[in-house]
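These notes are about the structure you will find just below.
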């Protein structure tokens, strides 16, 4: 080896050595970043008003650097190019997506988790983290199913079974649930060795049926579409059922679809109820869905990725009544458990259910081992269960209850203000802590109430442009942020309109901030670029009045 | 609201507020944990010699705590019950799994990543992190495929396509690759709308075939089994092909299987080559596999979760020759890119490939948006690409090359020492930085070389017990750690034996430590509990000698 290579090697070893005391470089970087972060985070949602296209120009070099970079130089890059141009998802004015400020203890605990770098796929690389994760799964299982002590004592650490599975998020949780449902429905039977072994083609032949069907409301999360694609069922076999005026699945239609499907020679594999729809925060009639699933003998899954933690609240948990009858339930920890990004769970009523997807290997996950990896879709996984455990312990049931209750109350208060405001239309009132609305002055709302359907359609097209423009410019201004989506509210006869979407889960979001959001939207509506839209609206309105006079 | 509830609420808000300067509680906790971690990490692999069953007793409470716990109390729990009983995966003596010490800068950068809490599913919650992730994917794509500058300039930030997908690990990466392969093979065609839409049953009818088959060597990772189960193909349609003496897929057998499958009316969907088998670290003949895949017109996936970074080494990259012809390649960042747990990638040769699994929603991932989530299996994801970017920048191509070269050299050196040692048998020599061996004294090896097959079998059964016992006790002693697996080496005519498995990727693992591992195993072999095994072995050996004399 040359002297140069020797020197390089020595440098390399140094970066892998844990400094006994934080050395000056590391310490100062860490400090600089912390200072910068705090300074930045208090001021803006997105610091620099640069287009994505403009930012991209800094990220076009695809050659892997040949020579190492100094950590201090890299830190400058992180500060100037990354931190300064990231999104302040924790800001109390960032109310458009399912993000929030985090409890401060999550940060040092995350650091420990990362420093320990456990791998939860097996006991040999996680030791105590394995029983910890099982305990967390049991706690969440209990929150939903509330089996008795003897049940949990029996199953919590049983190597052959699982009360649930930890994963990177709600999508994997939903897929795991439907994978399990599929494999249970098509389990080994006589000569047929089961779908896991023989595949879907053989399974359908064995069941003598044309397809397996999953039904959920139109408001179901897009991960359900991914799931039926991935599992080989096909998106045609995910039936999106219409909802009632409250964005809850229409039970009559759901039942009709189920029996239609069966008449077509297909099997209903699963009903999916939603506890907290992504776009409007509504809860399906879970009790009635459980009845129907029982009647059909099919799997009942509840996607409570968002709404699950409502169960913490003695005031509001009734809204999820029937969830305890679900065969499986998805809950996201990085949503209303206030854990950092990348932690989800699926819980099962029956501790034997996950056996339907059990798998083993020669070097780990051996039969009889307690390795968690034998019952998870993912392989290697970090010890995020620690953060859920910390939340449950430090915040406690009552703490989470307060958070949930406050969020729902804040959403109701905001809805009241929107209704009372002269310039806005509340589109979907909040059942939990999500609502949608749009800019629609009351004079125009009055016109729409009486105008013929064709005219309403014309107006909605213009309002869509206005909503889209305001949302975009508000986001780019970087002070506050709401998201937007497209819905088909009953009052417009199923016509699809664009709306602002607001999620109120950040406990630091005050009424003043909500007022500022509306205030900013009013200002944006008055800007030059929208004048043309409003002129057209006024003309249409005038036309309506003329028509009415003519009559 | 009662005064009490008011006070609770105030406390709750406090834990969500970022302290302007670290307050004394947070500061001291963070410090205490850091100190404790460093102190602990330098001494043991697993600190307390407690059985898992014993530890489990501390994790049986399934009721979610009603009242909050003080952060300081929780910190005590973390220190005493978690940190003290976790596994020191970074220890240079922990050479049984794919873990290592981490570059120190990963810790402060992880903290930033977690504090920023970006969600990479969409631009609105990630801004600059979206182009950053695309850049990282392009860099890794280039490492494998080395397309020209114009290619990367054209595709790196193109909203309609993707050079790869970031995910939580190799399992999701492999599933994503095979999902894509399946959907491409069964894409829309005439009246058939494609498998994503119509499902596998309709797809097979359309293709007029009996099943889709994936072929890989017996040494393929267990995630391939999960993938064919999940995708509806069935485990029967994953063919595990025998390997040659070097644990590489036997090309003659692979080819025969492919044509047999076709004669049975099935379609070969994909060949999976392995670049660094999990158990033995071998590399399949990728060039020849690429030829065969081309001949068959099927997808060629390479699972380079472990071995991918070998491409950094000018000395060793030839070992992966042919990988640039793969349609898709899996690389794990939490393995030889030295990033903390939970980061993997799948790269595609064709930027349009991932369109086969593209999906959209009304509130995000809209057509034409740059949201990364439209081409990933997972939904919400953290900004781990930052850590890969940091590694590539700070360590650089040459730094990674040194790490790879040193690992391979160290494994070769260790293999030499095992061969020269009187008490050990090298079972699989290292091609990269993984090898397997077992305790098998040379006098016994000499007996086995001449004994009849039946006797060899008898000896192997006893050696298996010895290997298993030594591995278990060494793990429990907590000074050093090797893993174990079961292999069928050619020299024992396909008989399955238990072996120690060693992975040498931690740059801090010195020759002294490797000597200590062997030394400890020799001591464990001499203990009382194994005396009976060795007595039996000596008797068998004596019997063999008597037989030979009798002849």
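Which residues, taken from the stretch B:53-99, are assigned to a helix (DSSP H, G or I), free of Cβ contacts under 8 Å to residues at least 12 places away in the same chain and facing another protein chain (nearest Cβ under 7 Å)? Let's see the steps before the verdict.
If we filter the stretch B:53-99 for residues that are assigned to a helix (DSSP H, G or I), which is where we start, we get B:53-59, B:71-85.
Narrowing further to those that are free of Cβ contacts under 8 Å to residues at least 12 places away in the same chain: B:53-54, B:56-57, B:59, B:73-74, B:76-77, B:80, B:82.
Those that are assigned to a helix (DSSP H, G or I), free of Cβ contacts under 8 Å to residues at least 12 places away in the same chain and facing another protein chain (nearest Cβ under 7 Å): B:56, B:59, B:74, B:82.
Just the residues that are within 14 Å of chain B (Cβ to nearest Cβ) and in contact with a helix residue (DSSP H, G or I) (Cβ under 6 Å, 6 or more places away or on another chain), please, taken from the stretch A:261-280.
Within the stretch A:261-280, just A:269 meets the criteria.
Quick check on this structure: which one of A:196, A:181 is at pLDDT 95 or above, in a helix (DSSP H, G or I) and either out of contact with any strand residue (DSSP E or B) (no Cβ under 7 Å at 6 or more places or on another chain) or over 29 Å from residue B:374 (Cβ atoms) (or both)?
Exactly one of A:196, A:181 is at pLDDT 95 or above, in a helix (DSSP H, G or I) and either out of contact with any strand residue (DSSP E or B) (no Cβ under 7 Å at 6 or more places or on another chain) or over 29 Å from residue B:374 (Cβ atoms) (or both), namely A:196.
Kindly check whether there is at least one residue in the stretch A:26-47 that is within 24 Å of residue B:369 (Cβ to Cβ), at pLDDT below 90, under 25 Å from the mean Cα position of the chain (by Cα) and not in a loop (DSSP other than H, G, I, E, B).
Yes: one or more hits.
Given the residues B:512, B:532, which is the only one that is modelled with pLDDT of 95 or more, farther than 20 Å from residue B:467 by Cβ and surrounded by fewer than 18 Cβ atoms within 10 Å (Cβ to Cβ)?
Criteria check complete, one pass: B:512.
Within the stretch A:66-92, how many residues turn out to be buried (at least 23 other Cβ atoms within 10 Å of the Cβ) and either more than 14 Å from residue B:116 (Cα to Cα) or modelled with pLDDT of 95 or more (or both)?
1
Per-residue answers, yes or no, for (1) over 21 Å from the mean Cα position of the chain (by Cα); (2) surrounded by 24 or more Cβ atoms within 10 Å (Cβ to Cβ); (3) more than 10 Å from chain B (Cβ to nearest Cβ); (4) more than 26 Å from residue B:172 (Cβ to Cβ):
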{"site": "A:217", "(1), (2), (3), (4)": "no, yes, yes, yes"}
{"site": "A:223", "(1), (2), (3), (4)": "no, yes, no, no"}
{"site": "A:230", "(1), (2), (3), (4)": "no, yes, no, no"}
{"site": "A:252", "(1), (2), (3), (4)": "yes, no, yes, yes"}
{"site": "A:257", "(1), (2), (3), (4)": "yes, no, yes, yes"}
{"site": "A:282", "(1), (2), (3), (4)": "no, yes, yes, yes"}
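In the list A:134, A:142, which residue meets the criterion of being in contact (Cβ under 8 Å) with a residue 60 or more places away in the chain, buried (at least 20 other Cβ atoms within 10 Å of the Cβ), within 8 Å of chain B (Cβ to nearest Cβ) and closer than 25 Å to residue B:68 by Cβ?
A:134
Across the stretch A:384-400, what is the number of residues that are outside any helix (DSSP H, G or I) and within 20 Å of the chain's Cα centre (by Cα)?
1
For the stretch A:479-498, enumerate the residues that are more than 19 Å from the chain's Cα centre (by Cα) and modelled with pLDDT of 95 or more.
Step one: list which residues in the stretch A:479-498 are more than 19 Å from the chain's Cα centre (by Cα), which gives A:479-480, A:488-498.
Scanning the stretch A:479-498 gives A:496, A:497, A:498.
Do we find a residue being surrounded by fewer than 22 Cβ atoms within 10 Å (Cβ to Cβ) and in contact (Cβ under 8 Å) with a residue 60 or more places away in the chain anywhere in the stretch A:500-507?
no
Can you say whether residue B:370 is assigned by the TED database to the domain that holds residue B:162, surrounded by fewer than 21 Cβ atoms within 10 Å (Cβ to Cβ) and closer than 30 Å to residue A:305 by Cα, as far as the supplied structure shows?
Considered against the rule, which asks whether it is assigned by the TED database to the domain that holds residue B:162, surrounded by fewer than 21 Cβ atoms within 10 Å (Cβ to Cβ) and closer than 30 Å to residue A:305 by Cα, residue B:370 comes out as yes.
Has the stretch A:401-418 got any residue that is away from chain B (no Cβ under 14 Å), free of Cβ contacts under 8 Å to residues at least 12 places away in the same chain, over 30 Å from residue A:124 (Cβ atoms) and part of a helix (DSSP H, G or I)?
Within the stretch A:401-418, one or more residues are away from chain B (no Cβ under 14 Å), free of Cβ contacts under 8 Å to residues at least 12 places away in the same chain, over 30 Å from residue A:124 (Cβ atoms) and part of a helix (DSSP H, G or I).
Mind checking which residues of the stretch B:110-129 are facing another protein chain (nearest Cβ under 7 Å) and part of a helix (DSSP H, G or I)? Lay out the reasoning, then the answer.
First, pick out the residues of the stretch B:110-129 that are facing another protein chain (nearest Cβ under 7 Å): B:110-112, B:114-119, B:123-129.
Across the stretch B:110-129, the qualifying residues are B:110, B:111, B:112, B:114, B:115, B:116, B:123, B:124, B:125, B:129.
Could you grab me the full set of residues in the stretch A:489-499 that are within 11 Å of chain B (Cβ to nearest Cβ) and free of Cβ contacts under 8 Å to residues at least 60 places away in the same chain?
Matches in the stretch A:489-499: A:496 only.
Name the single residue that is modelled with the lowest pLDDT among those in the stretch A:366-376 being closer than 16 Å to residue A:125 by Cβ and more than 7 Å from chain B (Cβ to nearest Cβ).
For the stretch A:366-376, the residue satisfying everything is A:366.
Considering every residue within the stretch B:450-473, establish whether at least one is touching a strand residue (DSSP E or B) at 6+ places or on another chain (Cβ under 8 Å), farther than 15 Å from residue B:97 by Cα and not in a helix (DSSP H, G or I).
no
Would a scan of the stretch B:156-166 turn up a residue that is surrounded by 24 or more Cβ atoms within 10 Å (Cβ to Cβ), outside any loop (DSSP other than H, G, I, E, B) and either at the interface with chain A (Cβ under 7 Å from one of its Cβ atoms) or modelled with pLDDT under 95 (or both)?
Within the stretch B:156-166 (the criterion being surrounded by 24 or more Cβ atoms within 10 Å (Cβ to Cβ), outside any loop (DSSP other than H, G, I, E, B) and either at the interface with chain A (Cβ under 7 Å from one of its Cβ atoms) or modelled with pLDDT under 95 (or both)), the answer is no, since none of the residues qualifies.
If you check residue B:316 against the conditions, is it under 18 Å from residue B:433 (Cβ atoms), surrounded by fewer than 24 Cβ atoms within 10 Å (Cβ to Cβ) and under 23 Å from the mean Cα position of the chain (by Cα)?
Judged against the criteria, residue B:316 is a match.
Go through the stretch A:323-332 and report how many residues are surrounded by fewer than 20 Cβ atoms within 10 Å (Cβ to Cβ) and touching a strand residue (DSSP E or B) at 6+ places or on another chain (Cβ under 8 Å). Outline the logic, then answer.
Initial filter on the stretch A:323-332 (surrounded by fewer than 20 Cβ atoms within 10 Å (Cβ to Cβ)): A:324-325.
Still in the list and also touching a strand residue (DSSP E or B) at 6+ places or on another chain (Cβ under 8 Å): A:325.
Summing the residues that are surrounded by fewer than 20 Cβ atoms within 10 Å (Cβ to Cβ) and touching a strand residue (DSSP E or B) at 6+ places or on another chain (Cβ under 8 Å) in the stretch A:323-332 gives 1.
Within the bounds of the stretch A:456-479, is there any residue that is crowded, with 17+ Cβ neighbours inside 10 Å, touching a helix residue (DSSP H, G or I) at 6+ places or on another chain (Cβ under 9 Å) and within 30 Å of residue A:401 (Cβ to Cβ)?
For the stretch A:456-479, residues crowded, with 17+ Cβ neighbours inside 10 Å, touching a helix residue (DSSP H, G or I) at 6+ places or on another chain (Cβ under 9 Å) and within 30 Å of residue A:401 (Cβ to Cβ): absent.
The values are calculated or read from the model by the stated rules, or taken from the named source; none is laboratory data. Note that the structure is predicted; figures quoted are calculated from it, not measured. Note that we place each Cβ from the backbone using ideal geometry, even for glycine, and neighbour counts take in every protein chain shown.
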